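*Asks:* For reference, the structure I am asking about is given below.
The values are calculated or read from the model by the stated rules, or taken from the named source; none is laboratory data. The structure displayed is predicted, hence computed values, not measured ones. A quick note on method: Cβ atoms are made from the backbone with ideal geometry, for glycine too, and the neighbour counts reach across all protein chains shown.
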4 protein chains.
Amino acid sequence: MKLGMVGLGKMGFNLVLNLLDYGHDVVVFDVNEERMELIGKEGAMIAKDYQDMVQKLDSPRIIWLMIPAGALVDQVIEQFVPHLSQGDILIDGGNSNYKDTLRRAKQLKEKGIHFVDVGTSGGMEGARKGACLMIGGDQEVFHRIEPIFKDISVENGYLYTGEVGSGHFLKMVHNGIEYGMMQAIAEGFEILEKSPFEYDYQEVSRVWNHGSVIRGWLMELMEHAFSKEPKLESIKGVMHSSGEGKWTVETALDLQTAAPVIALSLMMRYRSLEEDTFAGKVVAALRNEFGGHAVEKKE
Amino acid sequence: MKLGMVGLGKMGFNLVLNLLDYGHDVVVFDVNEERMELIGKEGAMIAKDYQDMVQKLDSPRIIWLMIPAGALVDQVIEQFVPHLSQGDILIDGGNSNYKDTLRRAKQLKEKGIHFVDVGTSGGMEGARKGACLMIGGDQEVFHRIEPIFKDISVENGYLYTGEVGSGHFLKMVHNGIEYGMMQAIAEGFEILEKSPFEYDYQEVSRVWNHGSVIRGWLMELMEHAFSKEPKLESIKGVMHSSGEGKWTVETALDLQTAAPVIALSLMMRYRSLEEDTFAGKVVAALRNEFGGHAVEKKE
Amino acid sequence: MKLGMVGLGKMGFNLVLNLLDYGHDVVVFDVNEERMELIGKEGAMIAKDYQDMVQKLDSPRIIWLMIPAGALVDQVIEQFVPHLSQGDILIDGGNSNYKDTLRRAKQLKEKGIHFVDVGTSGGMEGARKGACLMIGGDQEVFHRIEPIFKDISVENGYLYTGEVGSGHFLKMVHNGIEYGMMQAIAEGFEILEKSPFEYDYQEVSRVWNHGSVIRGWLMELMEHAFSKEPKLESIKGVMHSSGEGKWTVETALDLQTAAPVIALSLMMRYRSLEEDTFAGKVVAALRNEFGGHAVEKKE
Amino acid sequence: MKLGMVGLGKMGFNLVLNLLDYGHDVVVFDVNEERMELIGKEGAMIAKDYQDMVQKLDSPRIIWLMIPAGALVDQVIEQFVPHLSQGDILIDGGNSNYKDTLRRAKQLKEKGIHFVDVGTSGGMEGARKGACLMIGGDQEVFHRIEPIFKDISVENGYLYTGEVGSGHFLKMVHNGIEYGMMQAIAEGFEILEKSPFEYDYQEVSRVWNHGSVIRGWLMELMEHAFSKEPKLESIKGVMHSSGEGKWTVETALDLQTAAPVIALSLMMRYRSLEEDTFAGKVVAALRNEFGGHAVEKKE
C-alpha cells in the first residue's frame, strides 16, 4: 500500500525500513533533512512539507504519525487538516495519552477524517523487524489498512482492540506492567548485589532465561546488558520515564484501582532523579528532635 | 548415573520421569505408596525406607530430596544421616530457606557429607521436560554430578552459583521477582477490566506475547488461562503464597534494601486472604469521628 | 463583620454558629429550607436566593461558599456573578482542587471580584468551636477580612499562605498527610489485632495519647471510637475517600515526587471497596498454570 | 522505692533524674564513669559493678535495664543472674525485640526471677519529665512496682498491657506507626517544597498544629525544627533507623498482615542511605536496551 510517515526518529525510521521491506510505498517527512536523505536512499519518497506529502498520496490517504506524544501531535494534526479530504486516514502510532486520542478522534471525525490509534511495542528492534501493534479505531477502516499492520508486526503480533482510544489505552497499560516488571527485576538484582554471595549476573540472567518462570524478553535484555558490563559500572542509576507509567497510575486512580506495584515502580524512578530529598531531611530532623538521634550534616 | 529421589510430589515425580528419560537409574521413596507404584511402572526402583534406599545406592551415594521446605527437611536428613557414609552427596532441590541450607550444610559437613542446594524453577512442566536449576555447593562435587543437571534442565538452563546456599538464595530472589512480575501483570489486567473499553483478554495476552516488551512465559500462561475462561469467572482472587516471597522481603530488610515492588506484591497477597480488615474499620471509624462521614455497617 | 454563607451542611452550619458566637451578621442560603429555618432561629438572616443574599449585604460584599467541591462550585459562582459588583469578595472554604481555584480566580479577577481560597481543617468540631484555616488570595484582601478568620479559628489556627490557590493546595497536602497517618495507625491496630497478645484498644489509645511520640488528635479520636465499641464490631472496613488524597498523589506525580505512603494509603482505600479483585484472580490463575497450585473457586 | 538503674545513656540518665524528683532511691551503674559521677551529684548512689549494685539493694530487688537492645542485654542479664535471688525483679525498659523478651523471661523464670518488659516512649523529654510506658509481665509483680511507673510517666501515661512481651510488642507497633506518620509528614513537606507556592514551613507546622486533624506532638516538633532552620538546609536527608520499624514489618509478615505504609516508610529510609542504587542501574540499562533511551554515565 501507499502511505505517508511523519517522524523519522528511532521508531519511525525503523518502521519505514520495515514497510519498504514489504514493498509498501512510503512518503516520508521529518524536520530533520539528514534523516530524510538517509531514508530516501533506502527507497522512501521525500515530501517537502505536509502539503507535498498529501499531494504525493492517493485518496483516501493513509498517513502515519510517529512523533513524540503531547502538544506536537496537536500541532501536526492542525497543520495537516487543511490539506486532507473526507475519508482520509490518520494513524497515531506514538505513545499518546488515550484521553488526547479520544479528543483528537472527535475533532477529526467532525471533518470526516478517520483517526486510528496504534500502540506500538517492541522497541527499535521491533519497529525494524516486527513490532507488537495494538490498534483502536473504526473496525471497517482497520480492515482496509490491516495489510500494513500484518506486514510490519511480528507473526501474531497485532490486534484490533476496539473503538478509537483502546489501542493507546492498552499500550499504556502494557507500559505500566513493563514498569512493574522492570522494577521487580531491578530489586532482585539489587538484593543479589548486597547478598553475601558472589554472582555472575550475565550467567544469572542467562540461566533465568532458560526454563525459569521469569524468562522473557526483559531477561534476555538483562543478559545482553550484563554481557557489556558485568556490574553496569559506568551507568548511573537514574531512571527516567516518558509518561505512560504516570498515565497508568493516574488512570488506576481514576478507576479507583489499587495498583501499588505500578505506582511504586514509578515513584522509585522519581526518587532516583534526586541525590537528596526534602522528605529525608524532615524525618532526620524529627528523629533528632524527639530522640536526640544525630543528623548527618551537609558539607 | 544412579541416584535416589525422596519425595514424589508434583515436582519430584516429574523429575524422576525426566531422569529416566535420560537413562539414569533412580531409586525412589515417598510415604505415598501409590505414587511409588506409579513411578515404579515407569522404571524407577522402589525403596522400602531410607535405609533400603541407601543400600540400593553405590558409594559415594547421590540422594536428591524433593520435599516441602521446613521442618520436614530436617526430619528426613536426621533419619538419613545414620545410614550415610563419608563422601555421600545430599541434594536439596526444594524451596528451602537459604539460612536453613547454610545451617544444614554445616551440620552435614561435620559428618563428611556433601550438601548441594538446587533451586528449581519452571514449574511441573519444567520438572518434566527441562527445568531451570541454580546449584550451590562444593564446586568439585558439582562437577561430579553435573551430568544429572545437564540432562534434566532445559538447554542452557543450569548454573553453578557458588558456595552452598547460593542456589537457594538465587531461587528465592527469582521467586521474589516472580511475585513482582505477577502482581504487575495482575494490576494491568485489573485496570483493563475497569476501563471503559472491552478487551478480549486472551487476545490481549496473545498479542502482548508476540513482539512486545513484556513477552515471556508468564504472558504465555496468561493466554492459556484466559483460553479456559475469558474472565476467570470461577476463580476467587485469593492469592496464596508459599514462603519465598516472604523470605525475599525479609532478606531485603536484613540487607537494608528498598524492595517496594516485591514487598507490595506479597502484601497484596496477604490482603486478598481477608474479606474485611481491622485496618479498614479503624480508618472508617476515624473518618466518622472527625468528619461525621458515615460508616458502612455489618449486617 | 457582615457576610454571606452559602451551604449549610455539616461544616457550613457549624461555621455560621461559630460566626454568630462572635457577633458577626450572617446572611445564609441553602437549598435545604429546613437547615435555613434551623439556623435562622440561632440568629442568622435567611436569603431567598443568591440575588437576595447580595442585596442583604453591603458593598464590598463578603460571601463564603461552603459547598461540595466540583461542578457545584462553578454553578454557584456562575449564578452569583451577575449580581456581584467590583471589589466584592468571594471565599471558597470547601475542599476544592487548587487547580480549579486557580482557574476560578482568574475568571473572577477579570470581573474585578476577589477570590479567596480557604482550606478548612478540624472537622465539624473545629468548624463549631475553632477551626484551622489556610488562606490564599490577595494579601490586602486577606487583611481586610482577617477578623473573621481570627474569630472562627482556634487560637493560632489561621495562616495567610500566599497567592490564591495556596490555601487549597496546603489543605490538600494536609489531607494527604492525614491519609498516611490514618493508614499508619490502622496498620498498627491490625497488627495488634492479629498478635498473640490481648490488648484493650481503648486503653492502648489512651496511653499512646499520653506522653508517646504518636500522641495527637487522631489518637484522641481513636480512644473515643474504641470507647463506643471495643473492637469496632459493627463497622465494615470500607474506606471511602473524597478527593484530596487522590489530588495529593496526582500532584506528587506531576511534581515527580515519590510519595509512597500517601499513595498506598489511598490505594488501600480503593482496595477496601471491593470484596474480590480481578488482580487476585489473575495471580491465582497464574500460580495454577505454572505450579499446579489449587485455586479457590467461587461458590 | 529503691531500685537499680543500669545504663545512663540519653534515656537512662533522664529516667534517673525523673525518679530522684519523686524521692526514689536509685543505685546506678554504667561503664561510663563520667556519667555516673554526674548523676551521683544529683543524688543517685553509684555502684561499682553489678555485684555491688545487688548488694546495695534490698530483697526482693528491682533492677531497671536501660541499655541498647540486642546482645548487650543478654550479656548484662547473664552477668547479673549469679548475684540475684528468687523473687528479684528485672525490668527491661529498652527497645528490645519482643521475641528476645519472651526468651529471656522464660530463662529467668526458671531461676525464679521476674522479668518485666517496659516499652518507653516520649523521647528524652519524656524520660525526664513524664514518659509513656507500656508494661508487660506478671500482673501481681506489676502492681508491686506500679508506684514507680506512676511517678515517672506523664499523667495517664502508663498501661499494664498483659503477659510478659506485650509491653515491648506494643512499643514496637507504636514505633511502626511512628515511622508511617513521620514519612507521611515528610512526603507532605516534600510536595510543598516542590510546589509552585512559597510556604513558610514553621508557620505551616504552627497552623497545622492548631485545630487541624493532623495536630500532635510530631507536628510540634516540626515547628521547632523549622524554627531553627527554615529549610533544614544543613541536614542531609539520610534516615537512619534502629530496629523497631523493621521488626514491625517482619511481625506483619509473620502475621500475614498487609502493612504497606509502615513497610514503605522503612524502605524509603533504606533508600536514603544510598546515593545510587544497583536497581536504578538495572532499569536504566533495560530502558537503553529496548528503547535506546540514553543512560546517564558516571563521571
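Listed here are the residues, each with its yes/no results for (1) more than 9 Å from chain A (Cβ to nearest Cβ); (2) surrounded by 24 or more Cβ atoms within 10 Å (Cβ to Cβ); (3) within 24 Å of the chain's Cα centre (by Cα).
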{"site": "D:Phe226", "(1), (2), (3)": "no, no, yes"}
{"site": "D:Pro230", "(1), (2), (3)": "yes, no, no"}
{"site": "D:His240", "(1), (2), (3)": "no, no, yes"}
{"site": "D:Gln256", "(1), (2), (3)": "yes, no, no"}
{"site": "D:Arg269", "(1), (2), (3)": "no, yes, yes"}
{"site": "D:Asp276", "(1), (2), (3)": "no, no, no"}
{"site": "D:Lys281", "(1), (2), (3)": "no, yes, no"}
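*Asks:* Find the residue count for the range D:203-224, including only residues that are farther than 15 Å from B:Phe290 by Cα and either more than 7 Å from chain C (Cβ to nearest Cβ) or among the aliphatic types (A, V, I, L, M) (or both).
*Replies:* Going through the range D:203-224 one residue at a time, the tally reaches 11.
*Asks:* May I pose another question? When you look at C:Leu192, is it closer than 25 Å to D:Gly216 by Cβ, hydrophobic (A, V, I, L, M, F, W, C), at the interface with chain D (Cβ under 7 Å from one of its Cβ atoms) and surrounded by fewer than 23 Cβ atoms within 10 Å (Cβ to Cβ), yes or no?
*Replies:* Taking the combined requirement at face value, the residue satisfies it.
*Asks:* Given the structure, is A:Ala285 over 23 Å from D:Ala285 (Cα atoms) and either of a type outside the set (Ser, Thr, Tyr) or touching a Pro at 6+ places or on another chain (Cβ under 6 Å) (or both)?
*Replies:* yes
*Asks:* Answer yes if at least one residue in the range B:117-131 is of a type in the set (Ser, Thr, Tyr), in a helix (DSSP H, G or I) and more than 20 Å from B:Arg61 (Cβ to Cβ), and no otherwise.
*Replies:* no
*Asks:* Moving on to the next point. When you go through (1) farther than 24 Å from A:Gln79 by Cβ; (2) touching a helix residue (DSSP H, G or I) at 6+ places or on another chain (Cβ under 7 Å) one by one for A:Gly23, which number turns out not to apply?
*Replies:* That leaves (2) as the condition not met.
*Asks:* Considering the range A:32-54 alone, what residues qualify as being touching a residue at least 24 places away in the same chain (Cβ under 8 Å) and not hydrophobic (A, V, I, L, M, F, W, C)?
*Replies:* Within the range A:32-54, A:Asn32, A:Arg35, A:Glu42, A:Tyr50, A:Gln51 meet the criteria.
*Asks:* Run down C:Lys246, C:Lys171 and say which single residue is in contact with a helix residue (DSSP H, G or I) (Cβ under 6 Å, 6 or more places away or on another chain), basic (Lys, Arg) and under 23 Å from B:His293 (Cα atoms).
*Replies:* Residue meeting the stated conditions: C:Lys246.
*Asks:* Is the range A:177-185 home to any residue that is within 7 Å of chain B (Cβ to nearest Cβ), touching a strand residue (DSSP E or B) at 6+ places or on another chain (Cβ under 6 Å) and either surrounded by fewer than 24 Cβ atoms within 10 Å (Cβ to Cβ) or not in a loop (DSSP other than H, G, I, E, B) (or both)?
*Replies:* The answer is no; no qualifying residue exists.
*Asks:* State whether the residues of the range A:133-148 include one that is more than 7 Å from chain B (Cβ to nearest Cβ), under 28 Å from D:Ala279 (Cβ atoms) and within 20 Å of the chain's Cα centre (by Cα).
*Replies:* Within the range A:133-148 (the criterion being more than 7 Å from chain B (Cβ to nearest Cβ), under 28 Å from D:Ala279 (Cβ atoms) and within 20 Å of the chain's Cα centre (by Cα)), the answer is no, since none of the residues qualifies.
*Asks:* Among the listed residues B:Glu78, B:Glu140, which satisfies the condition of being closer than 30 Å to B:Lys246 by Cβ, loosely packed, with under 14 Cβ neighbours inside 10 Å and at pLDDT 95 or above?
*Replies:* It is B:Glu78.
*Asks:* So in the range B:288-299, with the set limited to residues that are over 10 Å from C:Ala225 (Cα atoms) and more than 7 Å from chain C (Cβ to nearest Cβ), which one is surrounded by the fewest Cβ atoms within 10 Å (Cβ to Cβ)?
*Replies:* My answer is B:Glu299.
*Asks:* Just the residues that are outside any loop (DSSP other than H, G, I, E, B) and either on the phi > 0 side of the Ramachandran plot or of a type in the set (Gly, Ala, Ser) (or both), please, taken from the range A:189-246.
*Replies:* Once the filter is applied, which keeps residues that are outside any loop (DSSP other than H, G, I, E, B) and either on the phi > 0 side of the Ramachandran plot or of a type in the set (Gly, Ala, Ser) (or both), the range A:189-246 yields A:Ser205, A:Gly216, A:Ala225, A:Ser227, A:Gly245.
*Asks:* Taking the range B:244-254 as the search range and keeping residues that are of a type outside the set (D, E, K, R) and closer than 25 Å to B:Glu190 by Cα, which one is farthest from the other protein chains (Cβ to nearest Cβ)?
*Replies:* In this case the residue turns out to be B:Gly245.
*Asks:* If you scan the range B:217-260, which residues turn out to be under 19 Å from A:Val173 (Cα atoms) and touching a residue at least 24 places away in the same chain (Cβ under 8 Å)?
*Replies:* If the condition is that a residue be under 19 Å from A:Val173 (Cα atoms) and touching a residue at least 24 places away in the same chain (Cβ under 8 Å), then B:Leu218, B:Met219, B:Met222, B:Phe226, B:Pro230, B:Lys231 are the ones that fit.
*Asks:* Among the residues in the range C:148-155, are any hydrophobic (A, V, I, L, M, F, W, C) and surrounded by fewer than 18 Cβ atoms within 10 Å (Cβ to Cβ)?
*Replies:* no
*Asks:* With the requirement that a residue be more than 11 Å from chain D (Cβ to nearest Cβ) and not in a helix (DSSP H, G or I), what does the range A:258-267 give you?
*Replies:* Once the filter is applied, which keeps residues that are more than 11 Å from chain D (Cβ to nearest Cβ) and not in a helix (DSSP H, G or I), the range A:258-267 yields only A:Ala259.
*Asks:* Hey, another quick one. Can you name every residue in the range D:151-169 that is of a type in the set (D, E, K, R) and part of a loop (DSSP other than H, G, I, E, B)?
*Replies:* Answer for the range D:151-169, where residues must be of a type in the set (D, E, K, R) and part of a loop (DSSP other than H, G, I, E, B): just D:Glu163.
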